[in-house]
Every structure is written in C-alpha cells, then in structure tokens.
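Data block below; observations after.
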Amino acid sequence: VLGGLAALEVSEWTAKRTVKGMFWITFTAIFGSAISVGLIGSMFAMNFDPPYTASKFIPTMGMLFGNTMVGVSLGMDSVLVSVDTRRDIVECMLCYGASRWETVWPIAVDAARTAMVPSIT
C-alpha cells in the first residue's frame with residue numbers, strides 16, 4: 001500500500017510533466033528497489049533473525065520509501081525536462097539512425113546524477 005501511495009505521489013501529484021504509464025513505471029522503480037534493498041539490508045547488514053520483523057522492518061522501509069521517492073521524482077523530472085528541451089537533437093539523432101539507447105544515453109546519465117544528489121549529500 002505504501003509503495004502505491006509513494007508512486008501516486010511521485011507520478012501524479014508532484015510531477016510537472018507526465019507520460020502515459022508513468023504510475024506503473026514509478027511504482028516498479030520505488031517498490032522494487034525499496035523492497036529489495038530493505039530485505040537484503042535486513043538479512044545481511046542488520047542481521048534481523050526473521051528479516052521482516054515488524055518493529056524494525058517498518059521504520060526501515062519508511063526511510064527507504066522516502067529516499068526512493070525523492071530520487072525517483074528528481075530523476076523522472078530531469079529526464080522529462082531534458083527530452084523536452086533537447087527535442088530537436090533527439091529527433092535528429094533518431095532520423096540519422098541512432099538507436100533509442102544511443103539517443104537517450106546522455107539524458108539518462110544526467111538524470112542518474114541528479115537523482116543521486118540527495119543520497120550522496
């Protein structure tokens with residue numbers, strides 16, 4: 001439930017620009033990363049006997065969902081703004097035969113850097 005609310009917050013309520021299917025993209029990114037990092041961290045880093053002990057797992061997941069929401073929100077906004085401002089460059093590269101990945105590689109690198117800033121600082 002918390003993953004769905006987090007994805008709804010990022011994709012619908014705080015997003016300045018949206019694309020079709022953005023809710024499911026953000027839901028997959030937020031829920032998948034938070035659950036996997038939470039379970040792996042609970043099992044190996046924090047040595048919880050059952051890794052999903054509610055008194056310890058729920059606060060950890062709350063912190064992970066909060067950090068993930070900020071990162072995904074910044075990354076999605078960066079991608080959508082960059083594609084919108086560099087529209088003519090993207091279209092030109094696609095017309096000259098570049099693959100989709102070659103076209104969006106610089107945009108994805110910038111978005112990853114932007115999304116990681118809150119976690120690093």
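The values are calculated or read from the model by the stated rules, or taken from the named source; none is laboratory data. Quick caveat, the model's predicted, so the values are computed rather than measured. Ideal geometry is used to build each Cβ from the backbone, glycine not excepted, and the neighbour counts take in all protein chains shown. These area figures cover heavy atoms from the full protein model, side chains too; ligands, DNA and RNA do not enter into them. Shrake-Rupley method; radii C 1.70, N 1.55, O 1.52, S 1.80 Å.
Anything in region 4-54 that is more than 14 Å from Gly71 (Cβ to Cβ), among the charged types (D, E, K, R) and in contact with a helix residue (DSSP H, G or I) (Cβ under 7 Å, 6 or more places away or on another chain)? List them, or say none.
Glu12, Lys16, Arg17
Report, by residue number, each residue of region 11-26 that is basic (Lys, Arg) and either touching a residue at least 12 places away in the same chain (Cβ under 8 Å) or open to solvent by less than 40 Å² (accessible area, probe 1.4 Å) (or both).
Lys16, Arg17, listed by residue number.
May I ask you to say which residue of Ala98, Ala112 is open to solvent by less than 60 Å² (accessible area, probe 1.4 Å), over 19 Å from Gly21 (Cβ atoms), in a helix (DSSP H, G or I) and among the hydrophobic types (A, V, I, L, M, F, W, C)?
Result of the check over Ala98, Ala112: Ala112.
Residues checked against (1) without any contact (Cβ under 8 Å) to a residue 24 or more places away in the chain; (2) part of a helix (DSSP H, G or I); (3) under 24 Å from Ala6 (Cα atoms):
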{"residue": "Ile58", "(1), (2), (3)": "yes, yes, yes"}
{"residue": "Thr68", "(1), (2), (3)": "no, yes, yes"}
{"residue": "Met76", "(1), (2), (3)": "no, yes, yes"}
{"residue": "Glu102", "(1), (2), (3)": "yes, yes, no"}
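Determine which member of the set Val37, Val1 is farther than 28 Å from Val83 by Cα and under 14 Å from the mean Cα position of the chain (by Cα).
Val37
Among residues belonging to region 27-83 that are among the aromatic types (Phe, Trp, Tyr) and at pLDDT below 85, point out the one that is most open to solvent (accessible area, probe 1.4 Å).
The residue in question is Tyr52.
Give the residue, chosen from Ala29, Ala45, Ala7, Ala34, that is small (Gly, Ala, Ser), farther than 21 Å from Ala115 by Cα and out of contact with any His (no Cβ under 8 Å at 6 or more places or on another chain).
Exactly one residue qualifies, and that residue is Ala45.
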